[in-house]
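Report on the structure given below.
The values are calculated or read from the model by the stated rules, or taken from the named source; none is laboratory data. Computed from a predicted structure; not experimentally measured. Reconstructed Cβ throughout: ideal geometry from the backbone, glycine too, with neighbour counts over all protein chains shown.
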Amino acid sequence: MLTAQLAPRCAELVALDVAEQALEQARRRCATLPQVEFRRASFPGEAPAGRFDLILLSEVVYYLDRADIARAGRWIENGLAPGGDLLLVHWTGPTDYPLSGDTASELVLEAVAGFTRPVLGRRHDRYRLDLVRRPPPAGPGAGLPP
């Protein structure tokens, strides 16, 4: 459902899930949204290459261990475009997952702290939302090819 809500705001959107059944449901829900590409993949091991204006990790990080979160941080550093946003959304209630939503979010925020800046942090009874941004290049002409 989140992909269907986000897609109208995107020229291109790549959505990952490890579960084929979830992907099938999402494909049906987004059948009229040609800018959406669905891939069966695990994160971070099979994360797509490229530069992204927005990376959204929703309901996924608490399945990872600390080594995978460190690897995710390196992928985000390579994949998040200057001026791009990283949005984390996780359930904060009790879980049987390896990490709580709070711990998972804090570990990702630590992993990306060297190249992002906090924009927004909200914690509610049922979920947590954190938004960080990679600063754009500094100065006139920064980031332009020589």
Next item on the list: Just one of (1) modelled with pLDDT of 95 or more; (2) within 27 Å of R126 (Cα to Cα); (3) not basic (K, R) trips up D65, so point out which.
Entry: (1)
Next item on the list: Starting from residues that are more than 17 Å from the chain's Cα centre (by Cα) and farther than 11 Å from V61 by Cα, keep the ones in the range 93-111 and report whichever is surrounded by the fewest Cβ atoms within 10 Å (Cβ to Cβ).
Entry: D96
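Any idea how many residues of the range 124-137 are within 19 Å of A113 (Cα to Cα) and assigned to a strand (DSSP E or B)? Step through it out loud before you land on a result.
Residues of the range 124-137 that are within 19 Å of A113 (Cα to Cα), as a first pass: 128-137.
Filter once more, so that each one left must be assigned to a strand (DSSP E or B): 128-133.
The qualifying residues number 6.
Can I76 be described as touching a strand residue (DSSP E or B) at 6+ places or on another chain (Cβ under 9 Å), in a helix (DSSP H, G or I) and not aromatic (F, W, Y)? Break it down into steps so the answer makes sense when it comes.
On the way: touching a strand residue (DSSP E or B) at 6+ places or on another chain (Cβ under 9 Å): yes; in a helix (DSSP H, G or I): yes; not aromatic (F, W, Y): yes.
Spelling it out, I76 is indeed touching a strand residue (DSSP E or B) at 6+ places or on another chain (Cβ under 9 Å), in a helix (DSSP H, G or I) and not aromatic (F, W, Y).
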Checklist line | Candidates G45, G50, G83, filtered to the one that is surrounded by fewer than 13 Cβ atoms within 10 Å (Cβ to Cβ) and either touching a strand residue (DSSP E or B) at 6+ places or on another chain (Cβ under 7 Å) or assigned to a strand (DSSP E or B) (or both) | finding: G83
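On the given criteria, is Q25 surrounded by fewer than 15 Cβ atoms within 10 Å (Cβ to Cβ), without any contact (Cβ under 8 Å) to a residue 40 or more places away in the chain, over 21 Å from V132 (Cα atoms) and out of contact with any strand residue (DSSP E or B) (no Cβ under 8 Å at 6 or more places or on another chain)?
The answer is yes for Q25.
Is it the case that A11 is surrounded by fewer than 17 Cβ atoms within 10 Å (Cβ to Cβ) and either of a type in the set (S, T, Y) or modelled with pLDDT of 95 or more (or both)?
yes
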Margin query: Quick test for you: out of R122, R117, R134, pick the one residue that is at pLDDT 90 or above, in contact with a Phe, Trp or Tyr (Cβ under 9 Å, 6 or more places away or on another chain) and charged (D, E, K, R).
Written below: R134
